[in-house]
Amino acid sequence: DVSSPKHGKMDPINMPHVGGNMWAGGTGGRDTAGLGGKGGPYRLDAGHRVYQVSQAEKDAVPEEVKRAAREMAEKAFKQRLKEIQMSEYDASTYERFSGAVRRQVHSLRIILDNLQ
């Protein structure tokens with residue numbers, strides 16, 4: 001079961017972590033920042049294969065945990081904006097322009113990766 005969202009511990013050697021409730025950047029777990037899990041506050045990609053929990057498990061997360069996760073994600077987002085000296089208006093403007101060319105940038109990255 002999920003209890004409360006948290007960032008989780010950082011693994012100093014970046015081992016892949018699947019499931020559980022301890023590591024930041026893991027996959028398929030619960031309560032911690034990562035990918036493919038449930039109840040975590042925000043997505044955090046550590047570069048490993050993603051294991052996805054079912055949508056039914058995600059839907060079963062209690063509303064108070066979802067609310068706490070959203071609040072924690074919003075706080076982390078605002079802190080990150082502060083770190084990079086960007087206002088919320090700047091972020092929304094960036095997202096608008098970035099979103100308009102996202103597919104083209106993705107295609108260009110694939111082409112450049114293949115050239116390397």
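Structure notes:
- Selection count, the stretch 1-59, where residues are of a type outside the set (A, V, I, L, M, F, W, C), closer than 16 Å to A76 by Cα and part of a loop (DSSP other than H, G, I, E, B): 11
- Only one of the numbered conditions (1) part of a loop (DSSP other than H, G, I, E, B); (2) at pLDDT 95 or above is violated by E71, and that is (1).
- Test: residue in the stretch 64-87 that is among the hydroxyl-bearing types (S, T, Y), open to solvent by 60 Å² or more (accessible area, probe 1.4 Å) and out of contact with any His (no Cβ under 9 Å at 6 or more places or on another chain): no
- Any hit, the stretch 89-97, residues being open to solvent by less than 50 Å² (accessible area, probe 1.4 Å), free of Cβ contacts under 8 Å to residues at least 60 places away in the same chain, over 16 Å from P5 (Cβ atoms) and assigned to a helix (DSSP H, G or I): yes
- One residue alone among R80, R96 is within 21 Å of the chain's Cα centre (by Cα), charged (D, E, K, R), closer than 21 Å to T32 by Cβ and at pLDDT 95 or above, and that residue is R80.
The values are calculated or read from the model by the stated rules, or taken from the named source; none is laboratory data. Predicted model, so just to flag it, every value in this text is computed and none were measured. As a convention, Cβ positions derive from the backbone with ideal geometry for all residues, glycine included, and neighbour counts pool all protein chains shown. Surface accessibility is based on the protein's heavy atoms, side chains included, excluding ligands, DNA and RNA. Shrake-Rupley method; radii C 1.70, N 1.55, O 1.52, S 1.80 Å.
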